[in-house]
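Encoded as structure tokens, the structure appears first; notes follow it.
The values are calculated or read from the model by the stated rules, or taken from the named source; none is laboratory data. Keep in mind that what you see is a predicted model, and the values were worked out from it rather than measured. Cβ placement follows ideal geometry from the backbone for every residue including glycine, while neighbour counts extend to all protein chains displayed. For accessibility, only protein heavy atoms count, side chains too; no ligands or nucleic acids. Shrake-Rupley method; radii C 1.70, N 1.55, O 1.52, S 1.80 Å.
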Amino acid sequence: KSIELLPLNETGVDVQWHKDGTHYLASKSDTYGRFENISYRNRLTGDTQILSFRTLPEKCFFSRKESDVLFCAIPKPETFKPEALPDVWWQGKTQFADELWKINIATGERTMLLEGGGFDMQSIFTSPNENYMFFINKNDLTLWSLRIL
């Protein structure tokens, strides 16, 4: 297997790999805490697509059924502060108010699955048939499920 090196000239580089290892989500922030939109990167083609929202890669899960679909917890914009992400989030020094979305990377279509922002989601995954989403609320470490219609 080949090894892909990521540039280390950024202070906050974070990735979430697809289980097949062919593509991943990446985010980065600079030394001033400016956090950029998340990007989708395909290792096979070398293509990079900047997505139209900001979140941490670990707040997303690749669909088991559709290769172009993501499920992402997207923080409300007002919860982003100029901080060294993702470190301050993992250290518990900041938290987000997330909404859960289903996103088609190819078409840009977005469907809100859970609005409100009452959770700071992590460890998102689906049931094998994608009828249910599961996540942990980082605020109190409780496990939640959501039926997807």
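Rounded, prolate or oblate: which one fits region 48-119, using the alpha carbon gyration tensor with axes a ≥ b ≥ c (rounded when a/c is under 1.5, else prolate when a/b beats b/c, else oblate)?
Judged from the Cα gyration tensor, region 48-119 comes out prolate (a/c at least 1.5, a/b above b/c).
Per residue, how many Å² of accessible area does the chain show with a 1.4 Å probe? Show your work: numbers first, answer last.
Details: 8490 Å² over 149 residues.
In whole numbers, the chain has 57 Å² accessible per residue.
Net charge near Arg110: determine it from the other residues with C-beta under 13 Å of the C-beta of Arg110, scoring Lys and Arg +1 and Asp and Glu -1.
-3
Students often forget the sequence filter, so: which aspartates and glutamates lie under 19 Å Cα-Cα from Lys19 once same-chain residues fewer than 8 apart are removed?
Within the straight-line limit of under 19 Å, Lys19 reaches these aspartates and glutamates: Glu4, Asp47, Glu58, Glu66, Asp68, Glu130.
If I build a Gaussian network model for the chain, linking alpha-carbon pairs within less than 10 angstrom, which residue out of Phe134, Phe61, Phe71 has the largest mean-square fluctuation?
Comparing Phe134, Phe61, Phe71 in a Gaussian network model of the chain, the most mobile one is Phe134.
Quick one: net charge around Asn131, please, counting Lys, Arg +1 and Asp, Glu -1 for every other residue with C-beta under 15 Å from its C-beta.
+2
Output ³J(HN,Hα) for region 20-25: one whole-Hz value per residue in order, computed from phi by the Karplus curve 6.51 cos²θ - 1.76 cosθ + 1.60 with θ = phi - 60°, and x for Gly and Pro.
With coefficients 6.51, -1.76 and 1.60, one gets 8, x, 8, 8, 7, 9 Hz.
For region 136-147, what does the Karplus curve 6.51 cos²θ - 1.76 cosθ + 1.60, with θ = phi - 60°, yield as ³J(HN,Hα) per residue in whole Hz, taken in order and with x for Gly and Pro?
Calculated HN-Hα couplings, in order: 9, 7, 4, 5, 9, 6, 8, 8, 10, 10, 9, 7 Hz.
Lysine pairs, Cα distance under 18 Å, 8 or more residues apart or cross-chain: how many in region 41-149?
12
Which net charge results when you count Lys and Arg as +1 and Asp and Glu as -1 among the other residues whose beta-carbon is under 13 Å from that of Val69?
Result for the local shell: 0.
Please give the calculated 222 nm ellipticity per residue for the chain, where each DSSP H segment of at least 4 residues contributes -39500 (n - 2.57) and the sum is spread over every residue; nearest 500 deg cm²/dmol?
On the way: 1 runs with 4 residues, N = 149.
For the chain, the value works out to -500 deg cm²/dmol.
Based on the alpha-carbon gyration tensor of the chain and its eigenvalue square roots a ≥ b ≥ c, which shape applies: rounded if a/c is under 1.5, prolate if not and a/b is larger than b/c, or oblate?
oblate
Counting only protein heavy atoms and a 1.4 Å probe, tell me what percentage of the chain's accessible area is made up of carbon and sulfur.
Accessible surface attributable to carbon and sulfur in the chain totals 52 percent.
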